[in-house]
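Input: a single structure, listed below in C-alpha cells.
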Amino acid sequence: MTYLAELDAILSSTRADLAQIKLIVFDVDGVLTNGQLYFSEQGESTKVFHVRDGVGLKLLSDMGVAVAVMTAKDSAMVRERMTQLGVRHYFPGVADKSALLTEVAGQLSVALEHVGYVGDDMVDLKPISQSGVSICPADAYGLVRDVADLVLPLSGGEGVARLVCDLILQAKGQFEQAYQLSTMPEFERKR
C-alpha cells in the first residue's frame with residue numbers, strides 16, 4: 001500500500017472534519033516526544049524530538065493552517081525546538097489547556113469546531129472534548145483513546161505531528177502542493 005493510500009485509509013472517518021481545520025494544537029510530552037524523561041547526574045532532563053515532525057509543522061503553517069503547541073511544563077529544550085521550527089503560538093507552563101485553547105482560538109478568530117487537538121493524557125481530556133477533531137497517539141492513556149476521534153497508528157515521539165500534518169494536508173487536497181514547497185530552497189528559511 002502506498003503512503004497516500006495509507007493516509008486515505010486513516011482519513012476514512014475524519015476526512016471532512018480534518019479538511020475544515022484552521023488551527024491545530026499539539027501537546028508536547030507523549031505527542032511530540034515519547035513522554036519519557038531522561039535525567040543526568042546533574043539533574044538535567046532531556047527530550048527527544050522526531051525530525052520529521054518539524055517538516056510537517058512548517059508545511060502546515062506555510063499552507064495557512066495555524067499551528068500551536070502548549071505544554072504544562074516550561075522547558076528550555078522545548079522552547080529552543082519551537083524557535084527552530086518557527087512555531088509562533090508556543091505556550092509553556094500552561095495550567096489550564098482548555099481555557100488557553102479557547103483564548104487562542106478566539107484570538108485567531110477560529111471557531112472551536114475548526115480546531116484540532118492532539119494530546120495523550122488526562123490533562124488533555126478537556127481540550128479534546130471542546131475541539132472539532134481530537135487526535136491521540138496509539139500509546140495514549142486509555143481514557144484519551146476512548147474519546148479521541150482519531151487514534152493514530154504511531155506512538156508519541158514517532159512522527160505523530162508529521163502524520164497529523166499530512167492527514168490535514170491530504171484532507172484539504174493540499175498534500176502535493178505542500179510537498180512541492182518543501183523542495184524549494186526557501187523552505188528552510190528562518191520563520
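The values are calculated or read from the model by the stated rules, or taken from the named source; none is laboratory data. Here the structure is a predicted model, which is why all the values come from computation and not from measurement. Neighbour counts are summed over all protein chains in view; Cβ atoms, including those assigned to glycine, are modelled from backbone coordinates with ideal geometry. Heads up: the accessible areas ignore ligands, DNA and RNA and are worked out on the full protein's heavy atoms, side chains in. Shrake-Rupley method; radii C 1.70, N 1.55, O 1.52, S 1.80 Å.
Just checking, does segment 168-191 include any residue being assigned to a helix (DSSP H, G or I), under 13 Å from the mean Cα position of the chain (by Cα) and over 13 Å from residue 62 (Cβ atoms)? Looking for residues that are assigned to a helix (DSSP H, G or I), under 13 Å from the mean Cα position of the chain (by Cα) and over 13 Å from residue 62 (Cβ atoms), one finds none in segment 168-191, hence no.
Given the criterion of a type in the set (S, T, N, Q), modelled with pLDDT of 95 or more and open to solvent by less than 40 Å² (accessible area, probe 1.4 Å), identify the matching residue among 109, 131.
On the way: 109 fails: open to solvent by less than 40 Å² (accessible area, probe 1.4 Å).
Among 109, 131, only 131 is of a type in the set (S, T, N, Q), modelled with pLDDT of 95 or more and open to solvent by less than 40 Å² (accessible area, probe 1.4 Å).
Just to verify a result, which residue in segment 31-51, among those that are at pLDDT 95 or above and either touching a strand residue (DSSP E or B) at 6+ places or on another chain (Cβ under 9 Å) or surrounded by fewer than 17 Cβ atoms within 10 Å (Cβ to Cβ) (or both), is nearest to residue 82 (Cα to Cα)? Once the filter is applied, the top-ranked residue is 32. Among the residues of segment 112-128, those that are buried (at least 24 other Cβ atoms within 10 Å of the Cβ) and of a type in the set (Asp, Glu) comprise 120, 124. Scanning segment 145-154 for residues that are touching a Gly at 6+ places or on another chain (Cβ under 9 Å) and either among the polar types (S, T, N, Q) or buried (at least 22 other Cβ atoms within 10 Å of the Cβ) (or both) yields one hit, 148. Any residue in segment 68-79 that is closer than 18 Å to residue 97 by Cα, in contact with a Phe, Trp or Tyr (Cβ under 8 Å, 6 or more places away or on another chain) and surrounded by fewer than 19 Cβ atoms within 10 Å (Cβ to Cβ)? Checking segment 68-79: at least one residue is closer than 18 Å to residue 97 by Cα, in contact with a Phe, Trp or Tyr (Cβ under 8 Å, 6 or more places away or on another chain) and surrounded by fewer than 19 Cβ atoms within 10 Å (Cβ to Cβ). Summed over segment 64-78, residues that are in contact with a Cys (Cβ under 9 Å, 6 or more places away or on another chain) and either among the basic types (Lys, Arg) or under 24 Å from residue 36 (Cα atoms) (or both) total 1.
In the condition set (1) open to solvent by 80 Å² or more (accessible area, probe 1.4 Å); (2) in contact with a strand residue (DSSP E or B) (Cβ under 8 Å, 6 or more places away or on another chain), residue 84 is compliant with all but (2).
For segment 165-181, the criterion of being farther than 26 Å from residue 15 by Cβ, surrounded by 14 or more Cβ atoms within 10 Å (Cβ to Cβ) and in contact (Cβ under 8 Å) with a residue 12 or more places away in the chain is satisfied by no residue at all. Summed over segment 138-191, the residues that are touching a strand residue (DSSP E or B) at 6+ places or on another chain (Cβ under 6 Å) and under 13 Å from residue 21 (Cβ atoms) give a count of 3.
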